[in-house]
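Read through the structure below, which is laid out as structure tokens, and then see the notes.
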Protein chains: 2
Amino acid sequence: MQGRLRLGIAGLGTVGAATIKILTDRRAHLSQALGVDLDVTAVSARDRSRDRGFTLGDATWFDDAKALAVSDEIDVYVELIGGEEGVARESVEAAISAGKHVVTANKALLAHHGTQLAGLVEAQKLALKFEAAVAGGIPVIKTMRESLIGNEVTRLYGILNGTCNYILSRMTFEGGEFNTILKEAQEAGYAEADPTFDIGGFDAAHKLALLTSLAFGTEVAFENVYVEGIENISLADVEAADDLGYVIKLLGVAVQTESGIEQRVHPAMVPKTAGIAGVNGVTNCVAIEANPVGEVLLVGPGAGGGATASSVVSDIADIARGEITPAFVTSADRLMPSVRGPMRAHAGGYYIRLSVHDRPGAFAAIATRMAHEDVSLESIVQRRVDANAGQDAAQVIMITHETTEAAIRAALAGIEADGHIVGAPQMIRIERT
Amino acid sequence: MQGRLRLGIAGLGTVGAATIKILTDRRAHLSQALGVDLDVTAVSARDRSRDRGFTLGDATWFDDAKALAVSDEIDVYVELIGGEEGVARESVEAAISAGKHVVTANKALLAHHGTQLAGLVEAQKLALKFEAAVAGGIPVIKTMRESLIGNEVTRLYGILNGTCNYILSRMTFEGGEFNTILKEAQEAGYAEADPTFDIGGFDAAHKLALLTSLAFGTEVAFENVYVEGIENISLADVEAADDLGYVIKLLGVAVQTESGIEQRVHPAMVPKTAGIAGVNGVTNCVAIEANPVGEVLLVGPGAGGGATASSVVSDIADIARGEITPAFVTSADRLMPSVRGPMRAHAGGYYIRLSVHDRPGAFAAIATRMAHEDVSLESIVQRRVDANAGQDAAQVIMITHETTEAAIRAALAGIEADGHIVGAPQMIRIERT
């Protein structure tokens with residue numbers, strides 16, 4: 001006899017609707033491949049009267065997601081509400097207490113409470129699946145959890161926020177300034193009215209925290225992520241990057257270092273020849289460096305209803321197959337505490353852009369500050385008169401050899417204190433790829 | 001109590017050795033994550049006395065892989081011998097008859113007997129896993145089988161042979177001729193002494209046949225793959241591609257068309273801006289276009305002991321978790337017969353390179369032949385005197401708008417018959433990306 005898995009879906013926005021569409025359109029295929037019928041038996045959303053363009057069949061309507069989460073009519077609670085607290089968290093916890101498996105696309109919830117929730121499900125031998133929470137339709141969670149299980153991850157890095165990548169790509173290809181393109185992105189629906197969460201790097205940081213836990217077997221530690229957004233990237237940086245053979249991307253990077261695990265989200269210079277350099281627009285990607293596999297790069301749509309729903313359905317299918325594995329590969333009670341690799345110990349090359357007053361001694365002072373911190377330069381270019389900074393200022397671009405964040409910050413503080421530059425120095429990390 | 005999965009590994013070459021190394025080095029992690037100990041209890045290889053740089057512990061040695069395959073000491077038969085017939089096939093069939101799960105890296109075996117073997121395992125509720133058979137360390141089988149289960153695949157294409165990609169990449173970057181670089185690749189160990197299997201496209205065709213079955217729910221139909229190798233790609237083509245904004249890659253493509261499923265392996269022009277254009281050297285990639293997810297691109301090492309062993313261990317881990325799913329997503333008895341989309345119906349743009357005698361009427365005759373077959377040209381460039389073809393010949397490069405393979409072949413046959421060209425026309429398909 002064919003088994004049956006009863007699904008309760010909370011949240012009927014773009015992703016919820018697309019999930020129901022897949023479960024309807026592909027019902028026969030899924031049933032046959034899984035040996036289990038996937039039935040949406042209950043749903044919940046804020047507004048029952050809204051026309052969503054599809055019928056809910058026999059599914060029971062719940063006004064309250066928490067009531068749906070504990071309903072006897074479901075085996076799996078699919079949480080597509082969002083938000084790190086409130087009804088999303090309460091309903092997920094209630095569902096687990098009531099013995100339901102959980103599928104969620106909620107990166108904020110997991111970034112803040114992932115370890116705790118993993119412990120709750122594992123105590124009851126339930127599943128907590130979240131492929132849709134990171135990089136939309138890219139199967140990165142399953143890849144890390146299952147495909148790379150024989151490997152030791154040494155580093156992962158990726159483009160984890162489509163809004164930022166869209167803006168930086170347009171700045172690169174069209175030569176617009178950040179604010180202009182952000183405004184157009186908002187009008188086109190690629191950026192929120194309040195874009196802080198995306199362009200400030202926080203969305204990418206949520207996703208990075210989850211990937212880090214999977215990669216290194218550590219507790220989810222969003223609080224240990226260093227976060228810097230793209231607000232201060234100017235067209236001058238994008239153009240200088242292009243001249244130097246780089247593109248600027250907002251990267252999330254997690255790497256094991258001697259002093260701990262660096263988790264960082266920041267704009268980075270990536271060589272044009274790197275695989276991820278060509279990932280443009282709202283597309284996301286994740287590169288995983290591991291032993292013995294080498295580097296695996298996954299590229300795909302980072303958002304959108306259909307892409308995200310594809311991942312939600314993949315998680316549901318796993319549960320239908322009986323794949324009840326620890327949420328973060330290692331069981332929650334054995335996850336190691338995350339030791340933060342401090343940013344000041346970060347080692348790498350740096351791009352520095354300064355607007356320097358054109359007067360005797362200015363360059364010597366800058367060079368002295370660099371030398372004093374043992375920062376050696378790979379290249380230094382005076383590009384042109386800096387139109388933004390007045391006629392007496394020249395734009396100076398420096399690329400350093402590998403140094404530390406502590407050294408570069410000390411050198412820049414000294415340069416700023418010397419008073420030879422206009423405004424603050426610009427500093428962008430160069431990421432090895 | 002911790003469960004135990006007993007593994008019998010046949011074939012202790014590079015991949016077998018790397019598999020044992022992972023199972024040894026990562027034993028504690030795998031046991032903890034899977035809740036099952038993975039024990040190599042038996043091995044087999046041709047030469048027992050050879051020093052392989054590792055100890056086999058308590059594993060029982062079998063001189064005969066078929067005896068190992070049916071041994072009471074194993075639960076999973078890991079076939080790393082290779083070859084479509086002989087001991088590989090016989091031992092796999094014997095293992096299945098004896099109730100063993102099978103993990104294999106053997107693309108030739110599965111390309112020729114995949115449907116039959118899938119039927120055998122499914123009748124006994126056993127697993128047949130082959131992540132390592134396609135694209136080495138790239139988790140493409142799991143992605144198609146599990147992550148994209150909610151999707152309808154419309155097309156897939158990829159760089160599936162590292163040797164070809166290595167040679168084409170070097171021709172592109174260094175400007176060498178095919179034969180020179182092939183010879184160097186052989187000396188460096190990137191190409192076999194008899195390179196026909198790789199450079200003729202047959203290795204890629206084996207892999208493509210497996211991906212096609214997974215993508216479209218059809219029986220494995222290697223005999224339906226159109227195969228063309230890279231032997232005839234000259235530096236003139238690589239340089240012309242570069243001028244026109246393309247790179248040349250050996251692609252495997254499977255696409256659903258009105259007349260059936262096109263499965264084809266051939267050199268293709270790919271726009272430099274495409275994600276796969278930057279995949280160079282021995283790296284492989286697979287792009288999957290599916291609804292509703294969009295396009296997912298996976299890039300990684302296509303060969304090598306560690307990368308391939310990573311996939312072998314992933315398959316073993318799946319079995320340890322109890323993931324006994326149909327080998328090709330759809331159960332073998334429900335796979336549809338593969339209806340071949342004939343190459344003559346293939347629709348696309350074409351690159352044509354001709355060495356044309358510089359005499360009155362030559363161009364007019366060529367243009368007339370094209371027009372007669374309704375082939376319209378996007379561009380036509382007379383590049384220079386063709387040094388290879390003598391002083392009176394000019395090299396003419398044409399890019400066509402979309403047309404059919406039948407039309408282009410008829411036009412080229414006519415052009416050749418007219419006698420205005422030196423040698424045979426060169427034709428390379430342009431792949432939309």
>> Is there a quick way to get the dipole size of chain A? I mean about its Cα centre, with the Cβ of Lys and Arg at +1 and of Asp and Glu at -1; what is the value in debye to the nearest 20?
In response: 620
> What distance in nm separates the simple spin-label points at residue A:29 and residue B:409, each placed 7 Å from Cα in the Cβ direction?
Replying inline: 3.1
> Say a paramagnetic label sat at a point 7 Å from the Cα of residue A:37, along Cα to Cβ; which residues of segment B:309-328 have their backbone N under 17 Å from it?
Replying inline: none
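Once the Cβ-Cβ distance between residue A:173 and residue A:56 is put in as r, and R0 is 41 Å, what FRET efficiency do you end up with, to the nearest 0.05?
0.45
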>> Going by amide H atoms built from the backbone, whose H comes under 5 Å of the H on residue A:349, apart from near neighbours?
In response: A:403, A:430
> What distance in nm separates the simple spin-label points at residue A:187 and residue B:14, each placed 7 Å from Cα in the Cβ direction?
Replying inline: 5.5
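Taking K and R as +1 and D and E as -1, what net charge do the other residues with C-beta under 14 Å from the C-beta of residue B:119 add up to? All intermediate terms of the calculation are to be shown ahead of the outcome.
Details: positive: B:125, B:334; negative: B:93, B:122, B:219, B:333.
Cβ neighbours under 14 Å give a net charge of -2.
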> How far, in nm, would the chain grow between residue B:273 and residue B:239 when pulled straight, counting 0.36 nm per residue and subtracting the alpha carbon separation?
Replying inline: 10.6 nm
> Which stretch or stretches of segment A:59-81 have amide N atoms under 18 Å from the point lying 7 Å from residue A:49's Cα along the Cα→Cβ direction?
Replying inline: A:61-64
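Nearest 0.05, what FRET efficiency do residue A:432 and residue B:333 give at R0 = 45 Å with Cβ-Cβ as r? Spell out each step's value before the answer.
Values: r = 50 Å, r/R0 = 1.12.
About 0.35, to the nearest 0.05.
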> Per-residue mean of other chain beta-carbon atoms within 10 angstrom of the beta-carbon, peptide B:310-317?
Replying inline: 5
> Which percent, to the nearest 5, of DSSP beta bridges fully inside the protein assembly as shown are antiparallel?
Replying inline: 65
>> Angle check, please: helix A:202-216 long axis (alpha carbons) against the longest principal axis of chain A (alpha carbons), in degrees 0 to 90, nearest 10.
In response: 70
> If the label for residue A:85 sits 7 angstrom from Cα along the Cα-to-Cβ line, what are its distances to the same label in every other copy, in nm to one decimal, shortest first?
Replying inline: 7.1
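At 222 nm, what value in deg cm²/dmol follows for chain B if DSSP H runs of at least 4 each add -39500 (n - 2.57) and the sum is divided by all its residues, to the nearest 500? Please report the intermediate quantities before stating the final value.
On the way: 13 runs with 148 residues, N = 433.
Calculated mean residue ellipticity at 222 nm is -10500 deg cm²/dmol.
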> What are the ³J(HN,Hα) values, in whole Hz, obtained from phi via the Karplus relation 6.51 cos²θ - 1.76 cosθ + 1.60 with θ = phi - 60°, for each residue of segment B:34-48 in sequence order, with x given for Gly and Pro?
Replying inline: 9, x, 9, 7, 9, 10, 7, 9, 8, 9, 8, 7, 6, 10, 5
> segment B:9-40 to segment A:266-322: how many Å between their Cα centroids?
Replying inline: 27
> Dipole magnitude of the protein assembly as shown about its Cα centre, charges +1 at Lys/Arg Cβ and -1 at Asp/Glu Cβ only, in debye to the nearest 20?
Replying inline: 620
> Which trypsin sites (Lys or Arg not before Pro) from segment B:117-197 combine a DSSP loop assignment with at most 16 other Cβ atoms within 10 Å?
Replying inline: B:125
> Can you list the HN-Hα couplings for segment B:363-372, worked out from phi with the Karplus curve (6.51, -1.76, 1.60; θ = phi - 60°), rounded to whole Hz and with x for Gly and Pro?
Replying inline: 4, 4, 5, 5, 4, 5, 4, 5, 5, 4
> How far is residue A:35 from the same spot in each other copy, in nm, shortest first, if each label point sits 7 Å from Cα toward Cβ?
Replying inline: 1.8
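Step through the table entries A:272/B:183; A:272/B:21; A:142/A:207; A:142/B:129, compare each Cα-Cα distance with 26 Å, and write down the pairs that go over it. Please report the intermediate quantities before stating the final value.
Details: A:272/B:183 30 Å; A:272/B:21 36 Å; A:142/A:207 14 Å; A:142/B:129 16 Å.
In this structure, A:272/B:183; A:272/B:21 lie more than 26 Å apart at Cα.
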> If we hang a label 7 Å off Cα along the beta carbon direction at residue B:239, how far is it from the matching labels on the other copies, in nm, shortest first?
Replying inline: 3.6
> Among residues other than residue B:135 whose Cβ falls under 13 Å from its Cβ, what is the net charge (Lys/Arg +1, Asp/Glu -1)?
Replying inline: +1
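A short reminder: the numbers here are calculations on the coordinates, not readings from a lab. What you see is a predicted model; the values in this text were computed from it and never measured. We place every Cβ from the backbone using ideal geometry, glycine too, and count neighbours over all the protein chains shown.
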